[in-house]
1. In contact with a helix residue (DSSP H, G or I) (Cβ under 6 Å, 6 or more places away or on another chain), part of a helix (DSSP H, G or I) and either of a type in the set (A, V, I, L, M) or modelled with pLDDT of 90 or more (or both): does that describe residue 84?
2. For segment 7-25, which positions are among the basic types (Lys, Arg) and modelled with pLDDT under 85?
3. Among the residues of segment 29-50, what is the count of those that are of a type in the set (Ser, Thr, Tyr) and surrounded by 12 or more Cβ atoms within 10 Å (Cβ to Cβ)?
4. In the list 41, 76, which residue meets the criterion of being in contact (Cβ under 8 Å) with a residue 40 or more places away in the chain and within 11 Å of the chain's Cα centre (by Cα)?
5. In the set 6, 53, 64, which member is surrounded by 12 or more Cβ atoms within 10 Å (Cβ to Cβ), assigned to a helix (DSSP H, G or I) and free of Cβ contacts under 8 Å to residues at least 12 places away in the same chain?
6. Quick one: in segment 18-28, which of the residues that are among the aliphatic types (A, V, I, L, M) and assigned to a helix (DSSP H, G or I) is surrounded by the most Cβ atoms within 10 Å (Cβ to Cβ)?
Amino acid sequence: MWTILFLCLAIIFLGVIWVLNRKDVKLTWYEWLIGSLGILILGFAVQNFFGSFSEAEPKAAWTFAWVFGIPALVLIALAWQLAARRVKRA
């Protein structure tokens, strides 16, 4: 499970870098940090969600989804908005 999850995360990360290079967008260090942290936390949440369901613990699975998944999505959206607003201003 971890191998597949991190392989998917690596493909997504490389895809983001490829799109940014094609559009000639340069991100600041804190946008990279916030986005990467959000993606890692999201991966942690997804793995624990499916792991808890496989152990027949649906309440724990949904708790992981809410406690770690929502903040991860907020961090990813924050990084995206910071970059979009900076590019729009320029």
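1. no
2. Passing the criteria: only 23.
3. Looking only at that region, the number is 1.
4. One residue alone meets the criteria, 76.
5. Criteria check complete, one pass: 53.
6. Within segment 18-28, the match that is surrounded by the most Cβ atoms within 10 Å (Cβ to Cβ) is 20.
The values are calculated or read from the model by the stated rules, or taken from the named source; none is laboratory data. Note that this is a predicted model, so its numbers are computed, not measured. A quick note on method: Cβ atoms are made from the backbone with ideal geometry, for glycine too, and the neighbour counts reach across all protein chains shown.
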